[in-house]
Amino acid sequence: MESCMCAIGAVCTAIVALRLFRAAFDLFYDTLIAPALNLEKIDWKSLGRWAVVTGSTDGIGKAYAEALAARGFNVALVSRTQSKLDAVADEIKSKHNVETKTIAADFTKPDIYDGLAKQLEDLEVGVLVNNVGMSYDHPEYYLQIPDHANFVSNLINCNVLSVMKMCKIVMPGMVKRKKGVVINLASTAALVPSPLLAVYSSTKAAVTKFTSDLASEYRDDGLVVQCVCPGYVATKLSKIKKSTWMAPSPKRFVDSALATVGLSDVTTGYLPHNLLNAVVNGLDWCSKKLSRWVVLSEMQGVRKRALKKAAGKSN
Ligand SMILES: NC(=O)c1ccc[n+]([C@@H]2O[C@H](COP(=O)([O-])OP(=O)(O)OC[C@H]3O[C@@H](n4cnc5c(N)ncnc54)[C@H](OP(=O)(O)O)[C@@H]3O)[C@@H](O)[C@H]2O)c1
């Protein structure tokens with residue numbers, strides 16, 4: 001019996017190790033080897049004059065807007081709060097000497113797209129970053145989500161509808177000019193078991209599937225369509241205040257993710273996230289029960305601490 005358990009343990013360890021090796025190789029290839037060999041390098045300057053970034057006043061979206069301005073793009077910033085848009089636009093203009101345009105829109109509302117299309121119609125858009133996204137306040141059981149109906153439709157509108165609608169508005173111009181890059185932000189939650197985040201993770205799974213099929217549909221039209229699936233990044237959404245190796249700053253994350261454009265259709269964009277992803281998927285492959293139990297226990301812990309903190313605040 002003991003030797004049987006040892007053999008199973010050894011096989012599981014070997015599988016996890018192989019997956020880790022493959023994940024590491026994939027991302028080393030994407031971020032180090034291929035750029036060094038100049039394979040499929042994106043000629044950013046040739047794509048068009050403008051980049052459009054949704055959810056661009058904070059976190060990952062703001063970092064994409066800054067990184068694209070640094071590559072010489074004028075930037076159209078689309079987000080919810082006009083005062084924050086103005087501040088980010090001023091910052092980008094003074095740092096990078098490019099033009100900016102701000103568009104205030106709430107992506108939880110499905111009726112904003114005619115207005116958005118009008119505002120973007122005259123721009124030669126070379127890069128679209130569909131970054132806007134919302135998540136849970138804290139991990140929660142599906143049936144216990146407060147304000148259930150609004151929460152579900154807001155998440156679907158903001159995380160999924162926004163991506164599909166923005167692609168419909170911007171991609172025709174790219175197809176006509178036979179060039180363009182579309183980057184859609186999903187999450188590793190789409191790739192690994194994510195109990196207590198079921199609505200969020202399923203919206204991100206929809207974005208991942210939509211993006212990889214879109215990439216195949218428009219590759220022959222000269223478009224690069226990429227899905228980026230980050231793990232934790234230190235932003236307001238993740239509530240992580242101090243960046244670490246595993247939860248990098250938005251800038252560090254975006255610098256790494258942008259190096260993978262043109263190389264990977266679906267990527268975490270950041271080596272440590274790829275490794276974590278590989279460990280969880282390796283566990284899942286060995287035993288679905290074990291991987292789900294590990295993630296569920298972790299999420300139950302996070303939920304318990306969040307509820308305790310909220311109760312402390314209301315007392
Ligand atoms: N951070 C992570 O750990 C992580 C991990 C995996 C995936 N992601 C994904 O990465 C993307 C960016 O996340 P983040 O962490 O950078 O988020 P964040 O720091 O919370 O920033 C969100 C941005 O989106 C805007 N926004 C939020 N709701 C909006 C709405 N309804 N309409 C218009 N704009 C809205 C915010 O503007 P206001 O300030 O005006 O609200 C802000 O500019 C999301 O799609 C997220 O799901 C993040």
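Observations on the structure shown:
- Of all residues making up segment 182-197, the number that are over 15 Å from the mean Cα position of the chain (by Cα) and either open to solvent by less than 10 Å² (accessible area, probe 1.4 Å) or within 14 Å of the ligand (Cβ to nearest atom) (or both): 2
- So residue 85, is it part of a helix (DSSP H, G or I), within 13 Å of the ligand (Cβ to nearest atom), over 30 Å from residue 241 (Cβ atoms) and touching a residue at least 12 places away in the same chain (Cβ under 8 Å): no
- A search for C-beta distances below 7 Å between a residue of segment 273-297 that is more than 16 Å from residue 12 (Cα to Cα) and any residue that is surrounded by fewer than 19 Cβ atoms within 10 Å (Cβ to Cβ) and at pLDDT below 90, counting only pairs 6+ apart in sequence or on different chains, returns 274/26; 275/20; 275/24.
The rows are residues; the columns are (1) within 16 Å of the ligand (Cβ to nearest atom); (2) at pLDDT 95 or above; (3) assigned to a helix (DSSP H, G or I); (4) within 28 Å of residue 277 (Cα to Cα).
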residue	(1), (2), (3), (4)
32	no, no, yes, yes
41	no, no, no, yes
52	yes, yes, no, no
65	yes, yes, yes, yes
75	yes, yes, no, no
94	no, yes, yes, no
110	yes, yes, no, no
115	yes, yes, yes, no
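- Looking across 207, 152, one residue alone is surrounded by 19 or more Cβ atoms within 10 Å (Cβ to Cβ) and within 16 Å of the ligand (Cβ to nearest atom). It is 207.
- Taking segment 228-256 as the range and being surrounded by 21 or more Cβ atoms within 10 Å (Cβ to Cβ), outside any loop (DSSP other than H, G, I, E, B) and either within 9 Å of the ligand (Cβ to nearest atom) or without any contact (Cβ under 8 Å) to a residue 60 or more places away in the chain (or both) as the test, the residues that pass are 228, 250, 253.
- In this entry, residue 137 passes the filter for residues that are in contact (Cβ under 8 Å) with a residue 60 or more places away in the chain and either of a type outside the set (Lys, Arg) or more than 14 Å from the ligand (Cβ to nearest atom) (or both).
- Selected residue (criterion: farthest from the ligand (Cβ to nearest atom)) from residues of segment 96-108 that are outside any helix (DSSP H, G or I) and more than 24 Å from residue 134 (Cα to Cα): 97
- Residue count for segment 210-227, restricted to those that are closer than 18 Å to residue 158 by Cα and more than 12 Å from the ligand (Cβ to nearest atom): 2
- Residue 80 vs. criteria over 22 Å from residue 121 (Cα atoms), within 22 Å of the chain's Cα centre (by Cα) and either at pLDDT 80 or above or away from the ligand (no atom under 14 Å from the Cβ) (or both): no
The values are calculated or read from the model by the stated rules, or taken from the named source; none is laboratory data. All values reported here derive from a predicted model rather than from experimental measurement. Glycine also receives a Cβ, built like all others from the backbone with ideal geometry; neighbour counts cover every protein chain displayed. For accessibility, only protein heavy atoms count, side chains too; no ligands or nucleic acids. Shrake-Rupley method; radii C 1.70, N 1.55, O 1.52, S 1.80 Å.
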